[in-house]
Each structure stands twice: as C-alpha cells, then as structure tokens.
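Below: the structure, in structure tokens.
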Amino acid sequence: MTKIGIAGAGSIAFGTAALLCHRGHEVALWSPSGQGTTGLGEGLTATGALEGVFHPTVADSAQALCDGAEVLLIAVPAYGHKAVIDALAPHLAEGQQVIISSHASFGAVYLAEALAARGLSLPITAWGTTALTGRRTGPGAVSVNTIRARIDMATVPDSAQPQALELQQALFGDVFAARDGLLAIALSNLNPQNHMGIALGNMTRMEHGETWSQSGNVTPNVGRLMEELDAERLAIAETLGLKVKSIFEHYQQSYHVPVASIAEMNAELHARGTGGQGPATADSRYVTEDVPYGLLPTVVLGQLAGHPARLHDAGVAIFSAMYGRDFAQENELLTALDLTARSLDDLRIASRSGRFPAPAQA
C-alpha cells in the first residue's frame, strides 16, 4: 500500500482517487479552493467503468497533503498548475515523487526549478493524458467513463525514469508507455487539438447549454479537421526527432475501437454509448484550458522547431476572437518560464534535466 496525496477535487481527481483506493492504496485529497471536498463525508461514490464507495481522507492544506505522502499527484486543470505547484513546492521533501496528470506547458520544469532553489531534486513524472475519463456528478460522486489502457509518461530528471516507472506500475498497473523525454510528452497530449475540432464544430450547442453526444457530433468534417491538426503535431515531433502516438492510436488504445477514420471511430463510440457528452457551456476547459495551455505550447514548439503549427495558431486566434480575450497571454507557466526567449537547445536540456542551462557569462 502506497500513500498518495492528490491535489485537486474535480472529475479527474475524484476518479483517480477512486481508482487508487480500488487498487488498495491510501489516498488523501486536497481541494485548492477549499470547497471541492466538502461532500466527501459519506465517502466517494464511483459509477460506470469503476463501481464502489471509497473513503479517501481529506487534507485541509497543501502542507497537510504533503506530510506523510510518498507520492503527490497533481490533478487540476492546466490553468491551476502554477498555483498548485507554488503551494506544494515549499512542502515537498526528499524521497517523495510527483506526478502531473496530465502535464501541460512544461510544468515539470517549472516545479524542478522551484525545488532546485531549495536544493532538492525529486522525480517529477509528466503524463501525456489522465488515467481515466469521467465526470463529477455530485459533491461526493464521480462517473468514470473510461479507464485508459495506455498512458504516455516521461520523468525529469530522465535518470529517475526507471524508478518512477516502477512505482507508477505498482500504483496503476502495466499501462505506461515510457517516452523519450518531456518534449515527447509535450507533444503527446491530444486533448487540445481534439477539443479544438469538437468545440469549433459544436460551439452553438455549448452556448445554448444543450445536452449532446460528443462522439455523435464528430462528423466527417469535424473528424477531418482533427486529423489535420494531428498531422501538424506529428510533423513537429518528427522535426524534433521524436516518436509520439497518432490520433488513431490514441482512440484505439484509450477507447478500444478499431482503427478507421476519426469520424468512424467516434461513430463506433456513439453506437456503444461510451462516447460521452459534450460541454454544456462555452465556459469549458475545452477552450479556457486547452487553448492557452494546449494549443499555444504546440505553437511555441513549432516556432522553435522551425515548423509552424498553422492550424493550432489559427485556433488560438479564432477562439480569442470568439471569446473576446487574448488566450495567447493567459498561460502563466509559459510566462514564468519565459519560453519564447529560450533556444531549442535550452529546451532540450531542460526537458532532460528539469533545469534550463545557466546563461553564458559575458
């Protein structure tokens, strides 16, 4: 049994807590807002792909979450990563490991540099996606749609990856695909590109608050846009000499459907009744999280690699126009790391070691 502290109290945090409890581990949840765990007095009820009532404990602060935990897992939307990392970093200690589920905008480097300022180096693992998909259905309830059969992961420093992989297999099972560094993970999260296609194709449904099938509305045109976005991401990875999975592999491995066009694979999910519901609000993480913390980092990587991400860049601009806000300025992690001022070589070094090289002396 391993003691795990989960920072977060949304759908993924609740679902991951239920999964870890189901696998026999001791879990604590911390709600950064202070409100998300108030309904757990009677336990955490999971339905769907995972059934049961589980009893994680509740931590009332970041420090309480860290105290005694062997593993800290960050499971908040990407726009909350910097604040949560800032809260956890002063309380992390030698011997602990950190998992970011899922990783965004080089948050692992941001945390590694914060720990280095304390003279501390811990294994920090970045996941390319989450352990499961689901929806929080009540103050103490979560509906788990899918438990993923494959999760891409990489650890900084990269020398700690074998140790981290062994631990995470003990926690979650043999579901991890070790990737060649953090750059590969940065290009392995397919949610932003997929959500761009889905949200653009169904924005009026979101704004009207409709109940609608997500997979049932990945029509041929929406599916082709998702495929073209994927081709653009894969081309950047190839330019960087990286191997990452395609959207077709993602759907096959995550949702267990045969390979076909993306529209056809979603039609199969819809027919099975496992395709999930689309967002019932325009104030959705499909846009507010995935545009600044998903599309934008791919744009930056494309610029550094000399292979512009034309469609991703257009998505940032289109959603900014639709929402009347500048999503290109909303990524706190990219701003803190000043990534646009770094060279590709700097980023390669940081993605292996967790640290950017010191500036050359004048």
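Normalised Debye scattering of the chain at q = 0.06, 0.11, 0.12, 0.13 Å⁻¹ gives log10 I(q)/I(0) of -0.20, -0.72, -0.87, -1.04, counting only Cα atoms as equal scatterers and leaving out solvent. Hull volume per residue, based on the alpha-carbon atoms of the stretch 22-76 and their convex hull, is 100 Å³. Our coupling estimate for the stretch 94-107, obtained by passing each phi through the Karplus curve with A = 6.51, B = -1.76, C = 1.60 and θ = phi - 60°, is 3, x, 8, 10, 10, 10, 10, 10, 9, 6, 8, 6, 6, x Hz, Gly and Pro reported as x.
Need the C-alpha centroid separation for the stretch 288-362 versus the stretch 103-131, integer Å. After rounding, the separation between the Cα centres reads 17 Å. Computed over the stretch 221-362, the alpha-carbon pair-distance distribution with 10 angstrom bins reads 10, 32, 35, 19, 4, 1, 0, each value a whole percent.
Please find the FRET efficiency linking residue 177 to residue 35, where r is the Cβ-Cβ separation and R0 is fixed at 45 Å, and quote it to the nearest 0.05.
0.80
Which residues does a label at residue 67 reach in the stretch 93-108, if reach means a backbone N under 17 Å from a point 7 Å past the Cα toward the Cβ? Of the residues in the stretch 93-108, 93-94 have backbone N under 17 Å from the label point off residue 67. Across the stretch 267-272, rounded Karplus estimates of 3J(HN,Hα) from the backbone phi angles (6.51 cos²θ - 1.76 cosθ + 1.60, θ = phi - 60°) give 4, 5, 4, 4, 5, 6 Hz, Gly and Pro being marked x. Give me the base-10 log of I(q)/I(0) for the stretch 1-131 at each q in 0.09, 0.16, 0.19 Å⁻¹, Debye formula, one uniform scatterer per Cα, rounded to two decimals. Here log10 of I(q) over I(0) equals -0.23, -0.73, -1.03. For residue 132, the residues whose modelled amide H falls within less than 5 Å of its own, excluding neighbours fewer than 5 places apart on the same chain, are 148.
A straight line joining the Cα centroids of the stretch 142-156 and the stretch 191-210 runs 23 Å. The residue among 153, 120, 143 whose Cα reaches farthest toward the positive pole of the charge dipole of the stretch 120-193, with charges on the beta-carbon of Lys, Arg, Asp and Glu, is 143.
Taking label points 7 Å from Cα along the Cα-to-Cβ direction, residue 325 and residue 243 give a separation of 4.0 nm.
Name the shape class, rounded, prolate or oblate, that the alpha-carbon gyration tensor gives for the stretch 241-316, where a ≥ b ≥ c are the square roots of its eigenvalues, rounded holds for a/c under 1.5, and otherwise prolate holds if a/b is larger than b/c and oblate otherwise.
Numbers: a/c = 2.84, a/b = 1.39, b/c = 2.04.
It is oblate, given that a/c is not under 1.5 and a/b is not larger than b/c.
Within the stretch 117-142, name every residue whose backbone N is under 19 Å away from a label modeled 7 Å from Cα of residue 2 along the Cβ vector. Inside the label zone: 121-133. Farthest towards the positive end of the charge dipole of the chain, among the residues 99, 292, 269, is the Cα of 269, using unit charges on the Cβ of Lys, Arg, Asp and Glu. Were the residues from residue 53 through residue 163 laid out at 0.36 nm apart, the gain over their Cα-Cα distance would be 36.5 nm.
For residue 214, the residues whose amide H sits under 5 Å from its own are 277, 278, ignoring neighbours fewer than 5 places away on the same chain, with H placed 1.01 Å from N.
Our coupling estimate for the stretch 151-163, obtained by passing each phi through the Karplus curve with A = 6.51, B = -1.76, C = 1.60 and θ = phi - 60°, is 9, 6, 8, 8, 10, 10, x, 5, 5, 8, 4, x, 5 Hz, Gly and Pro reported as x. Taking every DSSP beta bridge that has both ends in the chain, the antiparallel portion is near 35%.
Taken together, the values in this text are just the output of simple stated rules run on the coordinates, not laboratory data. Quantities reported herein were computed from a predicted structural model and do not represent experimental measurements. Virtual Cβ from ideal backbone geometry, glycine too; neighbours counted across all protein chains shown.
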